[in-house]
Amino acid sequence: MSLTTFPTDWSTALVLVAHPDDPEYGMAAAVARWTSEGRRVVYGLATSGEVGIEGMAAAEAGPLREGEQIASAAVVGVDEVEFWGFPDSELRNTPELRAKITEAIERVSPDVVLATYGGPEWAPGFPNQRDHMEFAAAVVDAYDELADPPSGLFWNGPHPTHAVDVTGFVEAAVESLSCHRVYLEVLDPSTPVADQARNQVESFTAAIDGFDAAHATGFEQVRPR
């Protein structure tokens with residue numbers, strides 16, 4: 001399979017995800033490269049991930065996870081991070097959610113939009129989360145209704161059509177994911193946070209068949225086809 005190099009004729013990207021840490025699973029290395037090139041990247045998060053830490057009350061976990069996300073984004077050069085306040089684990093492709101997505105796209109005026117994967121499975125036996133699928137569907141629907149849409153909509157799914165050479169940016173991505181320290185400590189108490197982060201980032205930045213780079217991040221173009 002031959003992949004196309006991710007477009008370079010853009011200056012602003014809007015990354016739309018459901019939860020804190022979603023940008024770090026699969027996008028952070030590419031974002032680090034883009035911001036190093038002087039590009040503007042904005043993060044829009046539907047929720048604050050407030051029910052994502054087992055044993056911690058939502059009122060405590062939400063602000064904590066927002067703080068971890070802001071620190072994580074800063075590592076890869078992103079200083080514009082929005083939290084929209086939709087309920088974690090209860091996202092639905094509603095008119096209200098689509099309206100917020102539309103508002104964000106029109107306000108930020110990005111050249112490209114990136115979202116987390118919305119398909120049913122990352123791989124056989126590895127199902128996607130319902131929040132991810134509902135949110136991705138809302139992003140696609142909102143994009144399709146725009147009178148003047150950005151030049152492309154991509155997500156970081158398992159069937160990439162485009163790739164970014166992220167050689168030299170893997171360590172920044174590991175550091176970025178490691179900023180979600182409390183979340184990762186609870187998620188897997190037996191594995192050090194740095195090891196969890198490295199294992200995840202390396203799986204998303206390995207060489208991709210058909211693309212000439214030692215480390216690469218893949219994206220599937222969803223719109224226009």
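Could you list all residues from region 151-178 that are closer than 13 Å to Ala207 by Cα and of a type in the set (D, E, K, R)?
Scanning region 151-178 gives a single hit, Asp165.
Regarding Ala194, is this residue over 17 Å from Asp22 (Cβ atoms) and touching a strand residue (DSSP E or B) at 6+ places or on another chain (Cβ under 7 Å)?
On the way: over 17 Å from Asp22 (Cβ atoms): yes; touching a strand residue (DSSP E or B) at 6+ places or on another chain (Cβ under 7 Å): no.
When the stated conditions are applied, Ala194 does not pass them.
Which residue pairs have Cβ atoms under 6 Å apart, sit 6 or more places apart or on different chains, and have a first residue in region 160-184 that is without any contact (Cβ under 8 Å) to a residue 40 or more places away in the chain and a second that is surrounded by fewer than 22 Cβ atoms within 10 Å (Cβ to Cβ) and of a type in the set (D, E, K, R)?
Between residues of region 160-184 that are without any contact (Cβ under 8 Å) to a residue 40 or more places away in the chain and residues that are surrounded by fewer than 22 Cβ atoms within 10 Å (Cβ to Cβ) and of a type in the set (D, E, K, R), the close pairs are Val174/Arg198.
Taking Val222 as the residue in question, decide whether it is of a type in the set (Val, Ile, Thr) and either open to solvent by 50 Å² or more (accessible area, probe 1.4 Å) or in a helix (DSSP H, G or I) (or both). So that I can check it myself, show each step before the final result.
Working: of a type in the set (Val, Ile, Thr): yes; either open to solvent by 50 Å² or more (accessible area, probe 1.4 Å) or in a helix (DSSP H, G or I) (or both): no.
It is false that Val222 is of a type in the set (Val, Ile, Thr) and either open to solvent by 50 Å² or more (accessible area, probe 1.4 Å) or in a helix (DSSP H, G or I) (or both).
I'd like to check something: does region 98-108 contain any residue that is in contact with a His (Cβ under 8 Å, 6 or more places away or on another chain) and buried (at least 19 other Cβ atoms within 10 Å of the Cβ)? Working first, answer last.
Just the residues of region 98-108 that are in contact with a His (Cβ under 8 Å, 6 or more places away or on another chain), to begin with: none.
Scanning region 98-108, I find no residue that is in contact with a His (Cβ under 8 Å, 6 or more places away or on another chain) and buried (at least 19 other Cβ atoms within 10 Å of the Cβ), so the answer is no.
Being β-branched (Val, Ile, Thr) and touching a Leu at 6+ places or on another chain (Cβ under 9 Å), is that true of even one residue in region 47-61?
There is at least one residue in region 47-61 that is β-branched (Val, Ile, Thr) and touching a Leu at 6+ places or on another chain (Cβ under 9 Å).
Among the residues of region 88-98, which ones are over 19 Å from Tyr43 (Cβ atoms) and either assigned to a helix (DSSP H, G or I) or not β-branched (Val, Ile, Thr) (or both)?
Selection gives Ser89, Glu90, Arg92, Asn93, Pro95, Glu96.
Residue by residue through region 48-72, note down the ones that are in a loop (DSSP other than H, G, I, E, B), of a type in the set (Asp, Glu) and surrounded by fewer than 16 Cβ atoms within 10 Å (Cβ to Cβ). Lay out the reasoning, then the answer.
Residues of region 48-72 that are in a loop (DSSP other than H, G, I, E, B), as a first pass: 48-57.
Right, trim to of a type in the set (Asp, Glu) and you get 50, 54.
Within region 48-72, just Glu54 meets the criteria.
Can you name every residue in region 1-47 that is of a type in the set (Ser, Thr, Tyr), part of a loop (DSSP other than H, G, I, E, B) and under 14 Å from Ala73 (Cβ atoms)?
Of everything in region 1-47, just one residue is of a type in the set (Ser, Thr, Tyr), part of a loop (DSSP other than H, G, I, E, B) and under 14 Å from Ala73 (Cβ atoms), namely Tyr25.
Conditions: (1) open to solvent by 60 Å² or more (accessible area, probe 1.4 Å); (2) polar (S, T, N, Q); (3) within 26 Å of Pro224 (Cα to Cα). Thr12 meets all but one. Number of the miss?
Just one mismatch for Thr12, condition (1).
Read through the list (1) open to solvent by 60 Å² or more (accessible area, probe 1.4 Å); (2) at pLDDT 95 or above, then give the number of the only condition that Ser203 fails.
(2)
Is there any pair with a first residue in region 131-145 that is in a helix (DSSP H, G or I) and a second that is open to solvent by 50 Å² or more (accessible area, probe 1.4 Å) and hydroxyl-bearing (Ser, Thr, Tyr) whose Cβ atoms are under 7 Å apart and which are 6 or more apart or on different chains, and what are they?
Pairs found: Asp131/Ser89.
Looking at Val75 and the list (1) open to solvent by less than 60 Å² (accessible area, probe 1.4 Å); (2) out of contact with any Asp or Glu (no Cβ under 7 Å at 6 or more places or on another chain); (3) among the aliphatic types (A, V, I, L, M), which single condition is not satisfied?
Just one mismatch for Val75, condition (2).
The values are calculated or read from the model by the stated rules, or taken from the named source; none is laboratory data. In this text, all values refer to a predicted model and were calculated from it rather than measured experimentally. Methodologically, a virtual Cβ is constructed for each residue, glycine included, from the backbone with ideal geometry; neighbour enumeration extends over all protein chains shown. We work out accessible area using only protein heavy atoms, side chains counted, and drop any ligands, DNA or RNA first. Shrake-Rupley method; radii C 1.70, N 1.55, O 1.52, S 1.80 Å.
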